[in-house]
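The values are calculated or read from the model by the stated rules, or taken from the named source; none is laboratory data. What you are looking at is a predicted structure, and each value in this text was computed from that prediction instead of being measured. FYI the Cβ positions are ideal-geometry reconstructions off the backbone, even for glycines, and counts take in every protein chain you see. Heavy atoms of the whole protein, side chains included, go into the accessibility calculation; ligands, DNA and RNA do not. Shrake-Rupley method; radii C 1.70, N 1.55, O 1.52, S 1.80 Å.
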Amino acid sequence: VSGNHLFHAYAWHKYYLLTREAKSFSAEEKQVQASTVLLAALCVPVTAVDGLDKGQQGDALLNEDLLKRKKKNEKIAALLDFNANPTRMSLLSEVQAKGVLQQVLPELKELYQRVEVDFAPLQLVPTLLPTLAFLRKHPKLKAYVAPLERLLAVRVLRQLAGVYHTVKMAHLKNLLHGLEIPFTEVEQLIVSAVKERQVKVRIDYRAQCLHFGEAELEGDSMRHQLQVLATQLARVSAMHLSPPDPGARDAARAIFMKK
């Protein structure tokens, strides 16, 4: 399970639960442990496997692959005596239920709320820059800066998808300003997010923008709207732009000439 963020977070969570009552740890050490649990859980990448529990449907072959990944996680979890159905969502639920959020360092008290609850794509990164600066200076927590920054980049992207149809790449770069990840890595994160069903977006390098939503659905929707518009314009034309009566036109011309 080397490099597996999910089981890394579960291991820290279990270790914290086993040692939080130990008197050999100081209050500050316990705060650091709780903070590590929170950061490890937040930094678990959201994958399409999580969507299986929500009933998300997709390509049959992709669903089969996801089921294999899910079963593999369940087998490893059983060997390690973890949750029978290990997911990022279930872990975060346990973290909340066990009161870990109340035990973290003061600088991280609002981190969960900002990342998982609030909806503020234009302010998410600027708001958390002080938190990232604090983590970079902390000897035991600085390892979570990079995965946390990747999480924030994907979170901004998903929130933008909820309110925008098209976003310029330059605008996205401005929203992510302050993160120490190159934009080439952000592009890789976008591709991964699409693969993991986290967002539906297409990169248009010619126009230097991002298009959110399904391309086929957009085409059908636009076609329907144009058909409705054409029908309404035809009705208006028939009502207000019908050919004038020739007799009335001649009479009006005669009156004008007499003047």
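Descriptive notes on the structure:
- Entirely in region 97-215, the helices (runs of 4 or more DSSP H) that have 1 or more residues that are open to solvent by less than 30 Å² (accessible area, probe 1.4 Å) and in contact with a Pro (Cβ under 6 Å, 6 or more places away or on another chain): 145-161
- For region 83-96, filtering for residues that are open to solvent by 40 Å² or more (accessible area, probe 1.4 Å) and either in a loop (DSSP other than H, G, I, E, B) or more than 15 Å from ARG20 (Cβ to Cβ) (or both) leaves 6.
- Count of region 12-29 residues, restricted to those that are of a type outside the set (A, V, I, L, M) and open to solvent by 60 Å² or more (accessible area, probe 1.4 Å), is 9.
- Any hit, region 169-190, residues being touching a residue at least 60 places away in the same chain (Cβ under 8 Å) and touching an Asp or Glu at 6+ places or on another chain (Cβ under 8 Å): no
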